[in-house]
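A.B. asks: Encoded as C-alpha cells, here's the structure I'll be asking about.
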Amino acid sequence: MDLLCVLDFHRVEMMLPIQSKINFGAAPKKRALFPQKDLCHKKHIVNALPIPVLRAIHQTGNGTGSQIHRQENEDRIVKEEIMARILRINTRKKTHSFEEPGADLAALGGRGLTSRMVLNEVPPTCHPLSKHNKLVVAPGLLTGTAAANSGRISVGAKSPLTGGIKESNSGGILSQKLARLGIKAVVLEDKPEDSGFSLVVIKKDSVEILPADEYVGLGNNDVMGRLWDTYGKRVGVMSIGPAGQQRLAAACINFADPNGRPGRAAGRGGLGAVMGSKGIKAIVVDDSGAGKVPVADPEAFKTANKRWVEILKGHPVTSQGLPAYGTAILINIINEAGALPTKNFRSGRFEYAQDISGERIAEVIEQRGGKTKDGCHPGCVIQCSNVYHDKDGKVLTSGFEYETIWALGANTTIKDLDDVAMLDALCDDIGLDTIEMGVTLGVAMEAGLIPWGDGKAAIDLLKKVRTGDPLGKIIGNGSLFTGQALGVDRIPVVKRQALPAYDPRAVKGQGVTYCTSPMGADHTAGYAVAPNILKVGGDVDPLKKEGNVEVSKNLQIATAAVDSTGLCLFVAFAVLDTEDGVQTIVDLLNAQYGLSLTPEDVVKLGVSILKDEHTFNQRAGFTKVHDRLPDFFADPLPPHNVTWDYTEEELQQAKQYD
Amino acid sequence: MSDCANPGDQFFSTVLLMTAHIALKLFASLKRYTPAQADRFSITPGLTIADLLKELNVPLAEVKLVFVNGVKQDMNMPLKDGDRVGIFPAVGGG
Ligand code: SF4
C-alpha cells in the first residue's frame, strides 16, 4: 500500500504514481533553466526551440517564458524557417496545405495533440462518418529522436464505435518518418462525394493524392507489399483493409512494422472506418533526404538517453520478461490471479490457459522458426513483439499479443494456438481490432451462431467480413451491434467498446479505468493491472474497492502524458520502479525542446488532456450513466466470487481533477 | 482404533498428518525449477513459501510474485494441504 500512503500526503505528486515508491516524499526537483550553460550556449538552445513553442510561451505567459530572454525569442521567431508543421489533406478536393500550429497546439504531440485538435475542430455531435469528422495522425513529442522506444503514433477522431473522442496508439515505422519530415500531424478532412479511394504519398518535398483503384479491396498484407514494391522497402505505410473500406465500427488502421507486415494497429474505436469514410486506402511516408529532428541541447539529450536506455535495460520486465515471452507472458499470471475473462466473462480461469500462454508460444516459435523477440519500430530496446510461424514454417502472424490471444482464445474458449494465430492474421489483413473481434466472436458463440471453442467455425465467420456478406457486416460492427442483432443479453462493453483482457471484478482498478476513461473500455488508458496484480508501481488489492479509484485516476493521468511523448507505454514497467524514471523522461523533453519542465508539468499535461477528452464527450452527450459496466458484472466471478460493486458516485471520483 | 495397538498404524497416521500436498507451478524463467510431481507436491504443513523455494533451489532474488489460491502472498505465508501455488518472476505486458 505504499503507493496510497504516500499519495495521501502530497497532492500534486499524488497524481503521478510513477514515482510513488521513492520520490514522493521529496519536493519535486526544479531544474534551473539551462544550468551551467553560458549565455552563448543558452542562445543556441533558445534558437533551436520550435517557434510555436516560443509563441505559446509568449502568449500564455506559462512555463519558462519569462525566464527566456524575450529578444532572443523574437529573433528566433523571425529567423526560423523550418519547423514542425501540420499537414491538412482535403479528401474531397484532393488538395493539401501545410500550416504552422497555433499557440495552443505548439507544445503538444501525440495524444495531447490529437485530442486537442479533435476538441477544437470536430463538432462533438457530428456523425463520425460524416465530412465534419477529422482523422488526426500525430507522432509524439520525442518521436524521431534517438530516444529509446519513442516511435509510437497517436491517431485521433470521433469514434464510430463509442461516439466519443478516441485516441488509438500504434507502433510501426511511419511515426518516426513523419517526425523526421517535420510533420507534427496529418489531418484528413472533409469527405469525397464519390465512392472512390485515394492513396496519399508524403515525401520530403511533395504530397500527392493519387487514385488508389489498384489497391481497393485488398487486404493489408497485399497493400503493404505492393506499396513497398512501388515506393521502396522501408517506407512507412498506414492502411485500411476491407473492414475499413466498408466503414465498419470495429475497423482498425494498420501500420507496417519494420518487416512491412501489418502486425501493428491503431486498433480500438473503429478509426479504420473514419479513414474509409474519407476515401483514403493508405498513406505512404518516405523520409528519404530528411534531416534529423532538431534537438536543442544534443549533449544533455545524449546523457538523458543513456540513462533512459539503462533504465529500460536494467529492469527485469523490460529487459527479460517482455523480450523472452512477449506480452502473452501475462496469460498465466492473469489466469493464476483468477482474472482471465473466460467464456465471455463467465470465469476468471481458463482450463487451457497454458496452451495459449507466452511460455507455450515461445516453445512453438523455437520449434518452428520465427522470432520470439522483435521491435515494432527501430529504436525499441524492449522488443516485446514476435513472428509466429505455422506448422509448415511459414509466417502466420506477427505482433501476436496478450490481448489478442486472450480475446480470440480464452474468451471464446478456443484453445488451439494455431487457430488463434490464424484469427489474428485475418484481423490484421481484413483490418479489424482483435480485442473487439474476440469479444464479438464470444457474443456470437453466446447466441449459438457458432459453437464455443470452435476455432474453424470462428475463422469461417471472420472471413465473411472480407467479402461484405451481411453476417460479416454484423460482426464487423463489433460486440454490441452483434449482440443486438443476435438477441444476446450478455455483452461486455463500456461506451459500446468491448472490454479487454482483465475481468473488472477481479482487477478492480482496471474496472475503474474501463468505466471512467474517455475512451470507453480500454486497458492501456490506466493500467491498474500493474499495481493490482504485477506489484509494479505499488501493491493494491485487486479484489477490494479500497484505493482503486485513486490508482486508476493517477494512472490515467500519467498515461495521457506518456501517450503524448511517443514513448511506448511498456516503458512504464521500468519507470514505475525506478527512482529517476519520470525525471529522465522529463530530461529528454527538456533537452529536445530547451525547456525546464518538471514532473509536475507532466502531471498537468496529463490532466489537461483528460479534461479535453471529457469535455468533448460531454458535448457529445455523455454523462455519468455512460460510465457503467453492464449489469451482469454484479454476478459473482469464480474463482474468487467477487462482484462489481462500485456506486456511480464512487466512480466519478476518478474524473475529479481539481 | 485403540491407542498404539499397532506401531505400524501409528507411524502411518503420523506421516499422514505430517504431509500436505500442494499444486505447485513455476512460470516463465522459473519453470526450470519445477520439481517432479509438482501437481501434487508433498510438503510439511506450515512450510513457508520462502522455505519451499529454498528447498527447490529457486533463487529468491528471481521471484517477484507468489500467488496462493489466486491471491498474492508474501514469502512468509505458511502453506497447507490443497493450496494452489504459482510462482512468477517479474512480468509485464498488456
Ligand atoms: S516494447 Fe513492444 S510495443 Fe513497445 S515499442 Fe517495443 S515492440 Fe513496440
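A.B. asks: Amide H neighbours of A:Ile280 under 5 Å, at least 5 residues apart or on other chains, H built in the peptide plane: list them.
C.D. replies: Under 5 Å from the amide H of A:Ile280: A:Ser198.
A.B. asks: Oh, and also: What are the lysines whose alpha-carbon lies under 17 Å from the alpha-carbon of A:Lys302, with same-chain residues fewer than 8 places away excluded?
C.D. replies: Here the lysines satisfying the reach criterion relative to A:Lys302 are A:Lys37, A:Lys292, A:Lys313.
A.B. asks: Which pairs break 19 Å Cα to Cα here: A:Lys553/B:Lys64; A:Lys343/A:Lys473; A:Lys233/A:Lys306; A:Lys495/A:Lys655; A:Lys134/A:Lys204; A:Lys508/B:Lys72?
C.D. replies: A:Lys553/B:Lys64; A:Lys343/A:Lys473; A:Lys233/A:Lys306; A:Lys134/A:Lys204
A.B. asks: Next question. R0 = 30 Å: FRET efficiency of A:Asp635 with B:Asp51, Cβ-based, nearest 0.05?
C.D. replies: Taking R0 as 30 Å, the efficiency between A:Asp635 and B:Asp51 is 0.15.
A.B. asks: Here is a follow-up. Using a basic spin-label model with each label point 7 Å from the Cα along Cα→Cβ, how many nm lie between A:Lys191 and A:Leu471?
C.D. replies: Label-label distance for A:Lys191 and A:Leu471, simple model: 3.0 nm.
A.B. asks: Something else now. May I ask you to find the residues of segment A:510-552 that are shielded by at least 50 Å² of accessible area once the whole protein assembly is considered instead of their isolated chain (probe 1.4 Å)?
C.D. replies: The answer is A:Lys535 - residues whose exposure falls by at least 50 Å² when every protein chain is included.
A.B. asks: What number comes out for accessible area per residue over chain A if the probe is 1.4 Å? Units Å², please.
C.D. replies: 34
A.B. asks: Around A:Arg264, which amide H atoms from residues at least 5 apart in sequence, or from another chain, sit under 5 Å from its own amide H, with H modelled in the peptide plane?
C.D. replies: Placed amide hydrogens put A:Phe255, A:Asp257 under 5 Å from A:Arg264.
A.B. asks: Can you give the accessible area buried between chains B and A, summed over both chains, with a 1.4 Å probe, in Å² to the nearest 100?
C.D. replies: 2100
A.B. asks: Put simply, what bits of segment B:57-73 lose 40 Å² or more of accessible area when the other protein chains are there, versus the chain on its own (1.4 Å probe)?
C.D. replies: B:Lys64, B:Leu65, B:Phe67, B:Gly70, B:Lys72
A.B. asks: Moving on. Within segment A:443-485, name every residue whose backbone N is under 20 Å away from a label modeled 7 Å from Cα of A:Asp418 along the Cβ vector.
C.D. replies: So the set is A:453-463.
A.B. asks: Here's something else I'd like to know. Counting only DSSP beta bridges with both residues in segment A:85-285, what percent are antiparallel, rounded to the nearest 5?
C.D. replies: For segment A:85-285, the DSSP antiparallel bridge percentage is about 75.
A.B. asks: Something else now. How many Å² of accessible area per residue for segment B:20-89, probe 1.4 Å?
C.D. replies: 47
A.B. asks: Another question about this same structure. Counting only protein heavy atoms, what percent of the accessible surface of segment B:20-89 is carbon or sulfur at a 1.4 Å probe?
C.D. replies: Carbon with sulfur: 52 percent of the solvent-accessible area.
A.B. asks: Show that you can apply the helix-only estimate: for chain A, add -39,500 (n - 2.57) for every DSSP H stretch of four or more residues, divide by all residues, and state [θ] at 222 nm to the nearest 500.
C.D. replies: Helix contribution divided over all residues of chain A: -11500 deg cm²/dmol.
A.B. asks: A follow-up question, please. I want to make sure I understand the PRE zone here: with the label point 7 angstrom from the Cα of A:Glu214 toward its beta carbon, which residues in segment A:178-197 have backbone N atoms less than 16 Å away?
C.D. replies: Output list for this probe position: A:197.
A.B. asks: Continuing with the same structure: If the chain between A:Glu121 and A:Thr95 were fully stretched, how many nm would it gain, using 0.36 nm times the residue separation less the Cα-Cα distance?
C.D. replies: Full-extension gain reported as 7.5 nm.
A.B. asks: May I ask which residue of A:Cys427, A:Val395, A:His315 lies farthest towards the positive end of the charge dipole of segment A:313-445, with charges of +1 (Lys, Arg) and -1 (Asp, Glu) on Cβ and the Cα centre as origin?
C.D. replies: A:His315
A.B. asks: Of the trypsin sites (Lys or Arg not before Pro) in segment A:474-552, which ones lie in a loop per DSSP and count no more than 14 other C-beta atoms within 10 Å?
C.D. replies: A:Lys544
A.B. asks: List, in order, the whole-Hz ³J(HN,Hα) value for each residue of segment A:319-324 obtained from phi through the Karplus relation with A = 6.51, B = -1.76, C = 1.60 and θ = phi - 60°; use x for Gly and Pro.
C.D. replies: These are the phi-based 3J(HN,Hα) values: 9, 10, x, 5, x, 6 Hz.
A.B. asks: Okay, next question. Which FRET efficiency, nearest 0.05, do A:Lys233 and A:Lys302 yield, Cβ-Cβ r, R0 30 Å?
C.D. replies: After rounding, the FRET efficiency stands at 0.50.
A.B. asks: Under a Cβ-only charge scheme (Lys and Arg +1, Asp and Glu -1), can you give me the dipole magnitude of the protein assembly as shown about the Cα centre, in debye to the nearest 20?
C.D. replies: It comes to approximately 1780 debye.
A.B. asks: If you wrap a convex hull around the Cα atoms of segment B:20-89, how much volume per residue is inside, in Å³?
C.D. replies: 71
A.B. asks: Two decimals is fine: what's Rg over Rh for segment A:85-285, C-alpha atoms, Kirkwood radius as Rh?
C.D. replies: 0.92
A.B. asks: Turning to a different aspect of this structure: Anything losing 40 Å² or more of accessible area from the isolated chain to the full protein assembly: pick those residues out of segment A:339-361, probe 1.4 Å, ligands and DNA/RNA ignored.
C.D. replies: By number: A:Arg349, A:Glu359.
A.B. asks: Then there's this: Taking the dipole about the Cα centre of segment A:507-658, with the C-beta of Lys and Arg at +1 and of Asp and Glu at -1, give me whichever of A:Gln592, A:Phe573, A:Phe616 is farthest to the positive side.
C.D. replies: A:Phe616
A.B. asks: Can you give me the % of accessible surface on segment A:85-285 that is carbon or sulfur? Probe 1.4 Å, all protein chains present, nothing else counted.
C.D. replies: C and S fraction of accessible area: 45 percent.
A.B. asks: Next up: Taking θ = phi - 60°, what integer Hz values does the Karplus form 6.51 cos²θ - 1.76 cosθ + 1.60 yield along segment A:483-499, in sequence order, with x for Gly and Pro?
C.D. replies: x, 5, 5, 9, x, 9, 9, 10, 10, x, 9, 10, 6, 6, 9, 5, 5
A.B. asks: Further question: Could you give me the ³J(HN,Hα) list for segment A:453-460, computed from phi with Karplus coefficients 6.51, -1.76, 1.60 and θ = phi - 60°, whole Hz, x at Gly and Pro?
C.D. replies: Karplus values, whole Hz, x for Gly and Pro: x, 8, x, 5, 5, 5, 4, 4.
A.B. asks: Right, another one. Using the Cα centre of segment B:20-89 as origin and beta-carbon charges of +1 (Lys, Arg) and -1 (Asp, Glu), tell me which of B:Phe27, B:Asn69, B:Phe41 is placed farthest towards the positive end of the dipole.
C.D. replies: Checked the options; the winner is B:Phe27.
A.B. asks: Could you give the radius of gyration (one decimal) and Dmax (whole number) of the Cα atoms in segment A:419-508, in Å?
C.D. replies: 12.5, 40
A.B. asks: Ranked from the most accessible area to the least, with a 1.4 Å probe and all protein chains present, what is the order of B:Asp83, A:Asp577?
C.D. replies: Sorted by accessible area, descending: A:Asp577, B:Asp83.
A.B. asks: Suppose we keep just the alpha-carbon trace of the protein assembly as shown; what are its Rg and Dmax in angstrom?
C.D. replies: In order Rg, Dmax, the Cα atoms of the protein assembly as shown give 26.1, 105 Å.
A.B. asks: Considering Cα pairs under 8 angstrom that are at least six residues apart, work out the relative contact order of chain A and quote it in whole percent.
C.D. replies: 17 percent.
The values are calculated or read from the model by the stated rules, or taken from the named source; none is laboratory data. On a predicted model such as this, the values are computed, not experimentally measured, just so you know. A quick note on method: Cβ atoms are made from the backbone with ideal geometry, for glycine too, and the neighbour counts reach across all protein chains shown. The protein model used for the area step is the full one, side chains on, heavy atoms only, and it has no ligands, DNA or RNA in it. Shrake-Rupley method; radii C 1.70, N 1.55, O 1.52, S 1.80 Å.
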